[in-house]
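Below is one structure, written out as structure tokens; the observations come after it.
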Amino acid sequence: MSATFETEGRTGSAPRPPAPAVRRRTDWGRWYTWAVLAWLFAPILFMIVFSFNDPAGRHNITWQGFTLEWYANAFAYPDLNEAMFNSVTIALLTMVIAGALGTLLGIALGRFTFRGKQLTNLVMFAAISAPEVVLGAALLSTFLMLNITTGYWTTVIAHVMFCVSFVAITVRARVITLDPSLEEAARDLGAGPWETFRLVTLPMLFPAVMAGGLLAFALSIDDYIITTFVSGDVNTFPLWIWGATRVGIPPQVNVMGTLLFAVGLTMAVINIIAARRRA
């Protein structure tokens, strides 16, 4: 009886506190994570802060004072406005086209087995891992051999080409985790293939489709190397910034970068909220 009582007492006793060494490692890991995040977001923070700077000369690299003048005159440079317009429209077209093609490709790779599937995976990952200089030179050679003048639409084609793989991988990862019994239940209740896809499959895939589309948008609007090869006479936001570095980058660049970051952050937050509501 006493042995049993002692065993039960030890079993019901309060758990021991964690060892100091474990707690110390956890604290170091937490600080390391915050340090990495601070390192990653520091350039964005500097861009936002210097959008409110009042530089005395051409170069906006030292803090001179606070002002809202550049937000009031954000569109003072017509060529910068045109470059930003080109970047945004190209990125939107890339998001839509690469999102549609990548979604279909991701569904096919995640759900079906067909001849050439491994080759498709190889080509898809090769497009992601290949250096952008190689992709840009290859695309430029292709356009020249086909006697296609480089410009706005060749830039769209090039951006769609290297963004499709990112969307397909994102969607395929979601397709693999889908519960097939939900689609089977929809078909048992009389839904056809299109109704099942539209009402059951697509809503479950929508967070992955949106994530892939936003990734394609970010990759497109940020691209410089491939765009240099295939843009021709068309100027984009990254190309304009590189050209302006020779004479000094105006504060309007920081303003447009801040606004663009705010729009992208808003779209990401909306996607997260929508995904949580569906969950």
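The values are calculated or read from the model by the stated rules, or taken from the named source; none is laboratory data. Note that the structure is predicted; figures quoted are calculated from it, not measured. Heads up, the Cβs are rebuilt from the backbone with ideal geometry, glycines too, and the neighbour counts pull from every protein chain shown. When the accessible area is computed, the model is the full protein with side chains, heavy atoms only, and any ligands, DNA or RNA have been set aside. Shrake-Rupley method; radii C 1.70, N 1.55, O 1.52, S 1.80 Å.
Which FRET efficiency value, to the nearest 0.05, is calculated for Phe75 and Val269 with the Förster distance at 22 angstrom and r the Cβ-Cβ distance?
Details: r = 26 Å, r/R0 = 1.18.
The value I calculate is 0.25.
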Checklist line | Label-reachable residues, the stretch 28-55, where backbone N falls under 18 Å from a point 7 Å from Leu68's Cα toward its Cβ | finding: 48-55
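With the cut-off at 1.5 for a/c, could you classify the stretch 78-206 from its C-alpha gyration tensor as rounded, prolate or oblate? Before the final figure, lay out the partial values.
On the way: a/c = 2.94, a/b = 1.81, b/c = 1.62.
Verdict is prolate for the stretch 78-206.
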Note to self: Using the basic label-point model (7 angstrom from Cα toward the beta carbon), what is the Met204 to Phe46 distance in nanometres?
What the structure shows: 4.7 nm
Notebook entry, point to check: For the stretch 162-241, which whole percent of the accessible surface, found with a 1.4 angstrom probe, sits on carbon and sulfur atoms?
Noted result: 66 percent
Item checked: Simple spin-label estimate for Ala130 and Phe114 in nanometres, 7 Å along Cα-Cβ -> 2.2 nm
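For the chain, what's the relative contact order in percent, using C-alpha pairs closer than 8 Å and at least 6 residues apart? Present the calculation step by step, with values, prior to reporting the outcome.
On the way: 267 pairs, mean separation 84.0, N = 279.
Relative contact order of the chain: 30 percent.
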Notebook entry, point to check: How high is the FRET efficiency between Glu82 and Ala185 when r is their beta carbon distance and R₀ equals 51 Å, given to the nearest 0.05?
Noted result: 0.45
Checklist line | Net dipole in debye of the chain [+1 Lys, Arg Cβ; -1 Asp, Glu Cβ; about Cα centre; nearest 20] | finding: 820 debye
Item checked: Global form of the stretch 23-127, assessed from the alpha-carbon gyration tensor, a/c cut-off 1.5 -> oblate
Checklist line | Per residue value of the accessible surface for the chain (all protein chains in place, 1.4 Å probe), Å² | finding: 63 Å²
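Per DSSP H run of at least 4 residues, take -39500 (n - 2.57); add these up for the chain, divide by its residues and hand me the 222 nm value, nearest 500 deg cm²/dmol.
Details: 13 runs with 207 residues, N = 279.
Result for the chain, helices only: -24500 deg cm²/dmol.
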Item checked: Between the stretch 233-265 and the stretch 94-133, the alpha-carbon center distance in angstrom -> 31 Å
Item checked: Positive-end extreme of charge dipole, the chain - chosen from Tyr32, Gly232, Ala127 (charges on Cβ) -> Tyr32
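Once you order the gyration tensor axes a ≥ b ≥ c over the Cα atoms, which shape class does the chain get: rounded for a/c under 1.5, otherwise prolate or oblate by comparing a/b with b/c? Don't jump to the answer; show the numbers that get you there.
Values: a/c = 2.30, a/b = 1.27, b/c = 1.82.
The shape class here is oblate.
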Item checked: trypsin sites (Lys or Arg not before Pro) within the stretch 51-129: DSSP coil, no more than 13 neighbouring Cβ in 10 Å -> Arg58, Arg115
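Which of the chymotrypsin sites (Phe, Trp or Tyr not before Pro) across the stretch 72-153 are loop residues per DSSP, with 15 or fewer other Cβ within 10 Å?
On the way: sites: Phe75, Phe85, Phe112, Phe114, Phe125, Phe143, Tyr152, Trp153; in loops: Phe75, Phe112, Phe114.
Here the chymotrypsin sites (Phe, Trp or Tyr not before Pro) that fit, given the DSSP loop and packing criteria, are Phe75, Phe112, Phe114.
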Notebook entry, point to check: Separation between the Asn121 and Ala137 pseudo-spin-labels, each 7 Å from Cα along Cα→Cβ, expressed in nm?
Noted result: 3.0 nm
Note to self: Taking R0 as 35 Å, what FRET efficiency do you get between Val96 and Asp27 from their Cβ-Cβ distance, rounded to the nearest 0.05?
What the structure shows: 0.15
Checklist line | Listed residues Ala216, Ala56, Ala268, most fluctuating in the chain (Gaussian network, C-alpha, under 10 Å) | finding: Ala56
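If you stretched the chain out fully between Leu144 and Ala262, how much longer would it get, using 0.36 nm times the residue separation minus the C-alpha to C-alpha distance?
Working: separation 118, 0.36 × 118 = 42.48 nm, distance 3.80 nm.
So the chain would gain 38.7 nm between Leu144 and Ala262.
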